[in-house]
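Enquirer: The structure that follows is given in the form of structure tokens.
The values are calculated or read from the model by the stated rules, or taken from the named source; none is laboratory data. Here the structure is a predicted model, which is why all the values come from computation and not from measurement. To get the accessible areas, we keep the full protein, side chains included, count just its heavy atoms, and leave off ligands, DNA and RNA. Shrake-Rupley method; radii C 1.70, N 1.55, O 1.52, S 1.80 Å.
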Amino acid sequence: FAVTSGREDVSGNAHLPASVEDAEFMANRELLVAAQACVASRGGDGMLLIQSNVEDVAITLRALAEGVGWAPVVDGSLGPHVAEVPDDAGDGWLPERQRRHARSGLAR
């Protein structure tokens, strides 16, 4: 279900926030800073797992987290690190949103 906010033109992903700066985006700088302060207030020895199965969202969240001082863990201790995702397996298994992102030339 999508919240339409009275709009009749909602289709596809139109109900999603337009950008990371949107107040309705799943995470923002303030949330990541608050999480960092929470971990620090409890001794500083902790982790925050941020994940998404949507490549451009995952990249954006990682950049936001690194921008406020979180360090990525890519040593395999939290699971395998996926360095490359095929652009398409030939059978159309990737959603169109991810194919568009791959074609855009933005960070992967």
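Enquirer: Does the range 67-84 include one or more residues that are acidic (D, E), closer than 20 Å to L106 by Cα and either at pLDDT below 80 or open to solvent by less than 80 Å² (accessible area, probe 1.4 Å) (or both)?
Expert: Yes - at least one qualifying residue is present in the range 67-84.
Enquirer: Conditions first: (1) assigned to a helix (DSSP H, G or I); (2) modelled with pLDDT under 80. A37 passes all but one, so which condition is the exception?
Expert: (2)
Enquirer: For the range 52-66: of the residues being open to solvent by 40 Å² or more (accessible area, probe 1.4 Å) and over 17 Å from Q98 (Cα atoms), which is modelled with the highest pLDDT?
Expert: Result: E66.
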